[in-house]
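Here's the structure, in structure tokens; my notes come after.
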Amino acid sequence: MKTFHILTLFPKMFEGPFSESMIKRALTNGLIDIKIYNLRDWGLGKHKQVDDTPYGGGAGMVMRFDVLSNAISNIQLTISKLPKSGVRSLKTILLTPQGEKLDQKKVRSFSSSKFTDFILICGHYEGFDERIRDLVDEELSIGDYVLTGGEIPAMVLVDSISRLIPGVLGKEESHLSETFENNLLEYPHYTRPEKFNGRKVPEILLFGDHKKIEEWRKKEAETRTEKKRPDLLS
Ligand code: ADE
């Protein structure tokens, strides 16, 4: 079982995405666990301050190292006290556009890794004190664009890792032919009606010749990968 420990200033952002569909079911069935920690709980003073102005001047606020460090230490302590069914193994990940870019290969490696616990740190404001980088195992980006914070990237990570955990998806084999497995985009799908507004389902799919269908799907997957994502083939 994998447990995701998410450190955030906005715990409520996770309520919707984790209470629907596959992730909800994975939680209910005990296939994964998600714990949300409010960084504000480690904030300083009356106002529970978590950020401060940057040394050297400049715009924006920076998340404080002492606050983040205390939060991470506390979460690590909490994890070490969780009931064990076997060894627990922890990976601490910082979500940042400066991190290594997430792809399906990386998702797969996380999903099948020995790690039982992931601490996901969601950055905010202009950034975080650089010293936080010394406390994490890895920095991850979900793509070359900048979001308002690390919350959505953390959701992306939880979702993509979780769906590869055996039992989370309905059908075990359903991710073997999907997009990005074997470096190919997935073949096209069709369902009823056979004909609608002049648009027809490819005939080959209608006759139940499974060998032919398989060949056709393989070829379609290759053709569309060449056309849409030639970078995957090189
Ligand atoms: N925080 C802001 N933008 C991000 C991105 N693209 N990936 C990960 N964390 C982020």
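The values are calculated or read from the model by the stated rules, or taken from the named source; none is laboratory data. The structure presented is a predicted model; accordingly, all values stated were derived computationally and were not measured. Neighbour counts are summed over all protein chains in view; Cβ atoms, including those assigned to glycine, are modelled from backbone coordinates with ideal geometry. Remember, those area values only see protein heavy atoms, side chains included, never the ligands or the DNA or RNA. Shrake-Rupley method; radii C 1.70, N 1.55, O 1.52, S 1.80 Å.
Suppose R0 equals 41 Å; then what is the FRET efficiency for Ile204 and Asp144 from their Cβ-Cβ distance, rounded to the nearest 0.05?
For R0 = 41 Å, the calculated efficiency reads 0.60.
Stokes-Einstein diffusion coefficient for the chain at 37 °C in a medium of 0.692 mPa s, Rh from the Kirkwood formula over Cα pairs: what value in µm²/s?
161
Using a Förster radius of 35 Å, what is the FRET efficiency between Ser19 and Asn182 based on their Cβ-Cβ separation? Nearest 0.05, please.
Step by step, r from the Cβ atoms, then E = 0.60.
How much length would be gained if the chain were fully extended between Gln98 and Lys228, taking 0.36 nm per residue of separation minus their Cα-Cα distance, in nm to one decimal?
44.1 nm
At a threshold of 8 angstrom on Cα-Cα distance, excluding pairs fewer than six apart, so keeping six or more, what relative contact order does the stretch 177-233 reach in percent?
42
Within the set of other residues whose C-beta is less than 12 Å from the C-beta of Ser141, count the net charge using Lys and Arg as +1 and Asp and Glu as -1.
Here the count lands on -3.
Alpha carbons only, please: Rg and Dmax for the stretch 177-233, in angstrom.
Looking at the stretch 177-233, its Cα Rg and Dmax stand at 12.7, 35 Å.
Roll a 1.4 angstrom probe over the protein heavy atoms and tell me the percent of accessible area of the chain that is carbon or sulfur.
The C+S portion of the solvent-accessible surface of the chain is 52 percent.
Can you compute the modelled spin-label distance between Asn197 and Ser109, with each label point 7 Å from Cα toward Cβ, in nm?
About 4.4 nm separates the two model spin labels.
Using θ = phi - 60° and the Karplus form 6.51 cos²θ - 1.76 cosθ + 1.60, what ³J(HN,Hα) does each residue of the stretch 194-203 get, whole Hz, x for Gly and Pro?
Karplus values, whole Hz, x for Gly and Pro: 5, 9, 8, 6, x, 9, 10, 6, x, 4.
Counting only residues 5 or more places away or on other chains, whose amide H sits under 5 Å from the amide H of Glu126 once H atoms are built in the peptide plane?
Under 5 Å from the amide H of Glu126: Met61.
Residue by residue, what Karplus-based ³J(HN,Hα) values in Hz, rounded to whole numbers, does the stretch 7-13 have, using 6.51, -1.76 and 1.60 with θ = phi - 60° and x for Gly and Pro?
Once rounded to whole Hz, the list reads 9, 8, 8, 10, x, 5, 4.
How much accessible area per residue does the chain have, in Å², with a 1.4 Å probe?
With all protein chains present, the chain gives 61 Å² per residue.
Ignoring everything except DSSP H segments at least 4 long, calculate the 222 nm mean residue ellipticity for the chain; use -39,500 (n - 2.57) per segment, divide by total residues, nearest 500.
Helix contribution divided over all residues of the chain: -9000 deg cm²/dmol.
What are the semi-axes of the equivalent ellipsoid of the stretch 121-202, taken as the square roots of 5 times the eigenvalues of the Cα gyration tensor, listed largest first and rounded to whole Å?
Whole-Å semi-axes of the equivalent ellipsoid: 39, 17, 11.
Compute the longest continuous run of the chain that contains no exposed chymotrypsin sites (Phe, Trp or Tyr not before Pro); treat a site as exposed when its DSSP state is not H, G, I, E or B and it has at most 10 other Cβ atoms within 10 Å.
The segment 56-144 is the longest one with no such site.
Which trypsin sites (Lys or Arg not before Pro) from the stretch 10-99 combine a DSSP loop assignment with at most 12 other Cβ atoms within 10 Å?
Sites meeting the loop and neighbour criteria: Lys46, Lys84.
What are the residues whose amide H is under 5 Å from the amide H of Glu139, where those residues sit 5 or more places off or on another chain and H is modelled from the backbone?
Under 5 Å from the amide H of Glu139 lie the amide H atoms of Leu94, Glu100, each far enough along the sequence or on another chain.
At 7 Å along the Cα-to-beta-carbon direction for both Ser73 and Lys171, put a label point, then send me their distance in nm to one decimal.
About 5.2 nm separates the two model spin labels.
Given 10 Å bins starting at zero, what is the percent of C-alpha pairs of the stretch 1-67 in each, up to the one with the largest pair distance?
Pairs per bin, as whole percents: 18, 36, 23, 18, 5, 0.
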